[in-house]
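Engineer: One structure, pasted below without further comment.
The values are calculated or read from the model by the stated rules, or taken from the named source; none is laboratory data. Since this is a predicted model, take the numbers as computed values, not measurements. Here the Cβ is made from the backbone with ideal geometry for all residues, glycine too, and neighbour counts use every protein chain on show. Calculation scope for accessible area: heavy atoms of the full protein, side chains included, ligands and nucleic acids excluded. Shrake-Rupley method; radii C 1.70, N 1.55, O 1.52, S 1.80 Å.
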Amino acid sequence: MELDPLLLSRLQFAFVVCFHAIFPVFTIGLATFIAFLEMLAFKTGNPAWTRLSRFWIQVFGVAFAMGVVSGIVMSFQFGTNWSNFSYAAANFIGPMLSYEVVTAFFLEAAFLGVLLFGRDKVPQGMHLFAACMVALGTFISAFWILAANSWMHTPMGTELADGVFGVTSWGQAIFNPSFPYRFAHMLLASFLTGSFVVAGVSAWYLLVGREVEANRQALSMCLWLILFAAPTQAVVGDYHGLNTLEHQPIKVAAIEGNWETMRGMPLLLFAIPDQQAETNRFEIGIPKLGSLILTHDLNGEVPGLKEVAAEERPPVWIVFWSFRIMVGIGLLMIGCALAGLFLRAGGRYWRQPLFLNAMRLMTFAPFAAVLCGWIVTEVGRFPWLVYGQMSHIEGLTPSLTGPMVLFTLLGYITVYAVIFSAGLYYLMLVLRAGIESIDHEETHDVERPKRPLSASHVSIEEGGH
């Protein structure tokens, strides 16, 4: 069987991006949570906030390290697998990646050292400032990366001439039509991911009766944030969908499983898209609701997949079901937020085992939602690398062969499996040690660590069970 270098290159990049994405989306939300804890500790002087911050900084250190390691090879793939694209888009993509390093990575790297090792060496206000700068650095990093990626979906401010994209307007290129919606959508996803992880871990500690007061406070904070962020995410997602309908109508057609351009399109709750037959099997839908959601008109017109040639249609079943899984998880998040609000009466939210178990099970749900969202976004623009202007096959490295890509893909899978296993093992040690390890460290003469991951290692060694 002949190995297709295009398909394998797309699978390779998808694997690396999906593996890497789960770490930034977590650390962005967690960094903000830590900065808020530091602010509360500075303002109130309550040691409970400091203890919570010290514990979650350990978790942040491990996740941040895994994110950096897993993300390094992504930029290399532009040159190895997508050299034609790299050459064509260098005038824009190159500066975007450079700005991310200069304005975000350096900021995070500098103040992360203070955050991890400087608590007893700098004034408390300086430590709070470091936490805020790390959180700000994660926002700036997301800004540049999403600006570059959004340009590939809605290219503006550039002109393709002689196979090279020249920048005609930096403002239009950076703040392209889809960027504001995608940036807001990703930040809210990050806040929800961080909140559900902290809430899930706190719920687990409450179920086993460990550090009840501190974990009750952490759970309460996260539930308030989820109550705000989850419904807001649904609203932002709706605006994002309207923007996508305007600029990438075929992606929306794939999301909705809509083959024929029609008015009063139903909202399909279930279907099995048959791409070869250009139809859906076993449809279950709500009449006209799809048009109402997408056009805010019961009889609004929605384009169908048959508007373009078969080779320009994305794999419908992947986009169709990934979107529904994402939306389903979003509805579960809203349900958890409302349940938490209802259980606030009498403080039942931290004493109801059923609710705590539900929050514990929801710990990993945001990661699945984020991955499904990325799949919808990236698979949905097929066959375009730069939407409407450069296809995947045009951006591929000409000399690339199938066996070459297969070899590197298997190598990435092997290395990343080792990284993930080691990181997850180390992270579980931190979680098992719990906040009690902070108290143990404070009451013993523990040598100050000198390496980033050692900030977590000391607490594991001294306070682990």
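Engineer: Does region 194-204 contain at least one residue that is surrounded by fewer than 20 Cβ atoms within 10 Å (Cβ to Cβ) and more than 16 Å from the chain's Cα centre (by Cα)? Working first, answer last.
Structural biologist: Here is the first cut: in region 194-204, the ones surrounded by fewer than 20 Cβ atoms within 10 Å (Cβ to Cβ) are 204.
With more than 16 Å from the chain's Cα centre (by Cα) added as a condition, the list becomes 204.
Yes, that holds for at least one residue.
Engineer: Ok, one more. How many residues does region 226-246 hold that are touching a Gly at 6+ places or on another chain (Cβ under 8 Å) and not β-branched (Val, Ile, Thr)?
Structural biologist: Qualifying residue count, region 226-246: 5.
Conditions tested, residue by residue: (1) crowded, with 18+ Cβ neighbours inside 10 Å; (2) modelled with pLDDT of 95 or more; (3) among the basic types (Lys, Arg).
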| residue | (1), (2), (3) |
| --- | --- |
| Leu371 | yes, yes, no |
| Glu394 | no, yes, no |
| Thr401 | no, no, no |
| Gly411 | no, no, no |
| Val415 | no, no, no |
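Engineer: Just to be sure I understand the filter: pairs with C-beta atoms under 6 Å, separated by 6 or more residues or on different chains, first member in region 105-132 and open to solvent by 30 Å² or more (accessible area, probe 1.4 Å), second member of a type in the set (Asp, Glu). Which pairs pass?
Structural biologist: none
Engineer: Sticking with this structure for a sec: Within region 258-273, is even one residue open to solvent by less than 80 Å² (accessible area, probe 1.4 Å) and either free of Cβ contacts under 8 Å to residues at least 12 places away in the same chain or in contact with a Cys (Cβ under 6 Å, 6 or more places away or on another chain) (or both)?
Structural biologist: There is no residue in region 258-273 that is open to solvent by less than 80 Å² (accessible area, probe 1.4 Å) and either free of Cβ contacts under 8 Å to residues at least 12 places away in the same chain or in contact with a Cys (Cβ under 6 Å, 6 or more places away or on another chain) (or both).
Engineer: Could you check Tyr87 against (1) open to solvent by 60 Å² or more (accessible area, probe 1.4 Å); (2) without any contact (Cβ under 8 Å) to a residue 24 or more places away in the chain; (3) over 19 Å from the mean Cα position of the chain (by Cα) and say which number it fails?
Structural biologist: Of everything listed in (1) open to solvent by 60 Å² or more (accessible area, probe 1.4 Å); (2) without any contact (Cβ under 8 Å) to a residue 24 or more places away in the chain; (3) over 19 Å from the mean Cα position of the chain (by Cα), Tyr87 misses just condition (2).
Engineer: Has region 295-306 got at least one residue that is crowded, with 18+ Cβ neighbours inside 10 Å, among the aliphatic types (A, V, I, L, M) and at pLDDT below 95?
Structural biologist: Yes: one or more hits.
Engineer: Could you pull out the residue among Ala147, Ala184, Ala189 that is assigned to a helix (DSSP H, G or I), buried (at least 16 other Cβ atoms within 10 Å of the Cβ), touching a helix residue (DSSP H, G or I) at 6+ places or on another chain (Cβ under 6 Å) and touching a residue at least 60 places away in the same chain (Cβ under 8 Å)? So that I can check it myself, show each step before the final result.
Structural biologist: Working: Ala147 fails: touching a residue at least 60 places away in the same chain (Cβ under 8 Å); Ala184 fails: touching a residue at least 60 places away in the same chain (Cβ under 8 Å).
Being assigned to a helix (DSSP H, G or I), buried (at least 16 other Cβ atoms within 10 Å of the Cβ), touching a helix residue (DSSP H, G or I) at 6+ places or on another chain (Cβ under 6 Å) and touching a residue at least 60 places away in the same chain (Cβ under 8 Å) holds for just one of Ala147, Ala184, Ala189, which is Ala189.
Engineer: On to the next question. Please verify whether region 281-291 includes one or more residues that are closer than 28 Å to Met152 by Cβ and either surrounded by 14 or more Cβ atoms within 10 Å (Cβ to Cβ) or among the basic types (Lys, Arg) (or both).
Structural biologist: Quick first cut of region 281-291, residues closer than 28 Å to Met152 by Cβ only: 290.
Next, only the ones that are either surrounded by 14 or more Cβ atoms within 10 Å (Cβ to Cβ) or among the basic types (Lys, Arg) (or both) stay: 290.
Within region 281-291 (the criterion being closer than 28 Å to Met152 by Cβ and either surrounded by 14 or more Cβ atoms within 10 Å (Cβ to Cβ) or among the basic types (Lys, Arg) (or both)), the answer is yes, since at least one residue qualifies.
Engineer: Which of the residues spanning region 328-351 are crowded, with 16+ Cβ neighbours inside 10 Å and free of Cβ contacts under 8 Å to residues at least 24 places away in the same chain?
Structural biologist: Within region 328-351, Ala339, Leu343 qualify.
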